[in-house]
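The values are calculated or read from the model by the stated rules, or taken from the named source; none is laboratory data. All figures in this text were calculated on a predicted structure; none of them were measured in a lab. Protein only, heavy atoms only, side chains kept; ligands, DNA and RNA dropped before computing areas. Shrake-Rupley method; radii C 1.70, N 1.55, O 1.52, S 1.80 Å.
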Amino acid sequence: MGEVLQLNWNLVFEIINLIILCLLLKKFLIKPVTAVMDKRQAMISDGLSNARNSEAQADELKNRYEAALRDARNESGRLIEEAKKRAQEESDRILKEAGDQAADIMRKAEKNIENEREKTMADLQSRIAELAVSAARKMTGDTGHGSEDSLLYDRFLKEAEGHETDIR
């Protein structure tokens, strides 16, 4: 029994040593290793969080860039349409002015032609009347008097005007 008791005390000392060793290992080895692992886990979590934040910021910047680009395209399209509209309006205005000027020129030309025609007709009537008076004088052998020439001339003009309206 003495040996059994001695074994039991050895066993108790072994158990106490084992407990002390476990406590020392826990305090000096497991806690620092766990702390290092916790710090590393925190760093990894922070890195992942930062990566997610950076990705979110990058997505937001990308969305803003795309929106700005879309707005710029819309604005440039609008500006182009406005420029086309202004150019068309200016073209229409210039064409209208040119048409108005051409119409004015045509009206003036027609008026000048009519005036020239009337002047030519008056000159022709005057010349024809002179020739008629001259021919009448030669036929009658009359040397002519100014007052008779005037009466013959007026009579001829009245008859010629009547024929002129028939011609027209």
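Overview of results
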| item | result |
| --- | --- |
| Largest-first ellipsoid semi-axes for segment 73-112, taking √(5λ) over the Cα gyration tensor eigenvalues, angstrom | 38, 4, 4 |
| Probe 1.4 Å - accessible area at Arg137, Å² to nearest ten | 70 |
| Computed lengthening from Met139 to Asp59, 0.36 nm per intervening residue step minus Cα-Cα distance | 17.1 nm |
| Solvent-accessible surface ranking, highest first, for Phe28, Phe13 at 1.4 angstrom | Phe28, Phe13 |
| Accessible-area value, Met121, 1.4 Å probe, nucleic acids and ligands omitted, Å² | 60 |
| Proximal lysines to Lys31, defined as alpha-carbon separation beneath 22 angstrom and excluding residues fewer than eight positions away on the same chain | Lys39 |
| Pairs beyond 32 Å (Cα-Cα), from Lys138/Lys158; Lys85/Lys111; Lys108/Lys158 | Lys85/Lys111 |
| Protein accessible area in segment 58-106, 1.4 Å probe - carbon and sulfur % | 58 |
